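The values are calculated or read from the model by the stated rules, or taken from the named source; none is laboratory data. Quick caveat, the model's predicted, so the values are computed rather than measured. In this analysis, Cβ positions are derived from the backbone assuming ideal geometry, glycine residues included, and neighbour counts consider all displayed protein chains. When the accessible area is computed, the model is the full protein with side chains, heavy atoms only, and any ligands, DNA or RNA have been set aside. Shrake-Rupley method; radii C 1.70, N 1.55, O 1.52, S 1.80 Å.
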Amino acid sequence: MITPSQLAAVAELSTSFADGQVEITSRSNLQLRAIQKKDLNSLVQGLHSAGFLPSPEHDRVRNIVTSPFAGLGFGEILDTRPFVQELDRRLIADQGMAGLPPKFSFAIDGGGDWFARDSDDLTLRVVNVDDTHLFHFIIGDTFSGFCVRVDEALDCILEAAKICLNISKEFEMPARGRKIASVPHAMGRLLEGVSSFLVACPSPDRSTLVAHMPVGVYATQRSDFASLVPLVPLGRLTAEQLQCVAVIAKECDGDIRLAPWRGIVLGSVTERSISQITALLEAKGVSFDGKDGYRGIAACAGSTGCDASLTDVRRDASLLARRLAGRNTKPGWTVNISGCEKQCAMRNGATAELIASSFGYDLRIDGQFIASNCSLESVMNKVAACQAEMPIEVFS
Ligand code: SF4
C-alpha cells in the first residue's frame, strides 16, 4: 500500500532526478531508472522524507508480497494486511535479516482471486480446515505438506528465513526457497528447524497460479464501493499519470495498492465516482477496457535498461501491442518478451514466450518450442494468430 502523498513524491522525484517514469515490479516495488550519480543523494533524501526508508539497511529485503485486493476482494478468507505490517515491523527490527539476499521474498496469500504465485521464497497461504484458519507453509514453489497456526505464522516464517541463511552457508548454496526445496537435505534441515511450528495438514495445496492480470472495475466486500484496476502498459506509468492517480485517491478517499502483475489497484472508491475517475485517467492515457493491446504483455527492461539484453524488447512489446490493439481480451492469454533466457519479467509462466537471440527471437507457445531466430514481423504474426484462436473473455 502506498499513500497518495507518497505516490506524488515518487512521481516528483522521477521528474526531477530520473527519466520521468515509474516502474512497478513483480514484487510490487517501485523502480526509478536513468538516475545520474550526482543526483543520487538528493533522490535518496527525497525518498527518506516521503517515509520510504524506515531502515535503509533492510530496504532491499523488505519484499513482502500480498494480494492488492487484501481486505477488499471477494473470495478472500483472511485479510492479510495486519500480517504484512507486523512481518515488516519484525523484519526491520532484526539486524540479522538485513543479510537476506536482495531478491528474497515473503508472500502472504489470504486466499482471494488474482494472487496465487510460486515465485517467492517463503509463502504462507491461508486455508480453511474445519472452520479453522491455517496457513499452508510453502518453500519456493514446493508445498511443505505442513500447515502453520495463524498465531504462530510470523514466528515460523521469520525463523525459516534465518534457517535459509544458515543453510546457505552450510550447504554453500543460494539462500533461496526454490534452491533449498530442490535439495532434499536442505529442505529437511529447514523443516526440522521450524518443526515446533508445523502441524499436520489434512488439505492439499490446490491453488491455481495466476498468470494474467485483471483490468476494469471490480466489486468489493462493501456494497456501493468498487476497486478500479487500470491497465499499466509494461508495468510503467509516467510521473504525470501517477500524479493524477495520487490526486484522485486523495480526493475520493480511495487507497492505492501496487500490484504484482506490475499494475495498480485503486481500492474502495464509491460507485457513483467511478465514471468520473475513469474519464480523468483515460484522458491521461490510462485505459480501463484492456483494448489498447497491452493486456497480458510483459517485457523485461530490455537493452535500454539491462546490459544483458540482446535487443530493445520494450520497443518490440509496444509494436506487438499496437498490432493487437482493438481486439477483445482473451482469458488467461499472456505474452512474455525477454532480452535473454533469464526471463526476469516472467510471472507464473506465459502463453507465448519470446526470447531474444542473436538473430531475432526464439518462440515458445504453451511451453512448447515453436521456432528460433524469427524476425520480429514473423514472431508477431505467430503470436497474433495464437491469440486469435483463443476464446473471448466474457464479463459477467
Ligand atoms: S531477462 Fe535478461 S535482458 Fe531482460 S532484464 Fe533480465 S537479465 Fe536483463
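What to note about this one:
- Whichever residue in region 359-368 is at positive phi and outside any strand (DSSP E or B) and, among such residues, is nearest to the ligand (Cβ to nearest atom): 367
- Scanning region 312-340 for residues being in a loop (DSSP other than H, G, I, E, B) and either more than 7 Å from the ligand (Cβ to nearest atom) or touching a helix residue (DSSP H, G or I) at 6+ places or on another chain (Cβ under 8 Å) (or both) gives a total of 12.
- The number of residues in region 300-311 being more than 8 Å from the ligand (Cβ to nearest atom) and buried (at least 18 other Cβ atoms within 10 Å of the Cβ) comes to 1.
- Close pairs from region 346-361: first closer than 18 Å to residue 294 by Cβ, partner part of a strand (DSSP E or B) and open to solvent by 10 Å² or more (accessible area, probe 1.4 Å), Cβ under 6 Å, at least 6 apart: 352/365; 353/364
- Number of residues in region 94-121 that are among the aliphatic types (A, V, I, L, M), within 12 Å of residue 141 (Cα to Cα) and buried (at least 24 other Cβ atoms within 10 Å of the Cβ): the value is 1.
- With respect to the conditions (1) open to solvent by 70 Å² or more (accessible area, probe 1.4 Å); (2) of a type in the set (D, E, K, R); (3) under 24 Å from residue 88 (Cβ atoms); (4) in a loop (DSSP other than H, G, I, E, B), residue 151 falls short on a single one, namely (4).
- Checking region 266-284 against the condition returns a match, with at least one residue being within 17 Å of residue 21 (Cα to Cα) and not in a helix (DSSP H, G or I).
- The number of residues in region 346-371 being charged (D, E, K, R), open to solvent by 20 Å² or more (accessible area, probe 1.4 Å) and closer than 18 Å to residue 118 by Cβ comes to 2.
- Among the residues of region 172-184, those identified as open to solvent by less than 70 Å² (accessible area, probe 1.4 Å) and either part of a helix (DSSP H, G or I) or within 18 Å of residue 159 (Cα to Cα) (or both) are 174, 175, 176, 177, 180, 181.
- Selected residue [farther than 28 Å from residue 226 by Cα, over 19 Å from the mean Cα position of the chain (by Cα), within 16 Å of the ligand (Cβ to nearest atom) and not charged (D, E, K, R)] from 350, 371, 356: 356
- Qualifying residues in region 248-265 (those that are touching a helix residue (DSSP H, G or I) at 6+ places or on another chain (Cβ under 7 Å) and part of a helix (DSSP H, G or I)) - the one modelled with the lowest pLDDT: 252
- Condition broken by residue 73, with the remaining ones in (1) open to solvent by 30 Å² or more (accessible area, probe 1.4 Å); (2) touching a strand residue (DSSP E or B) at 6+ places or on another chain (Cβ under 9 Å) satisfied: (1)
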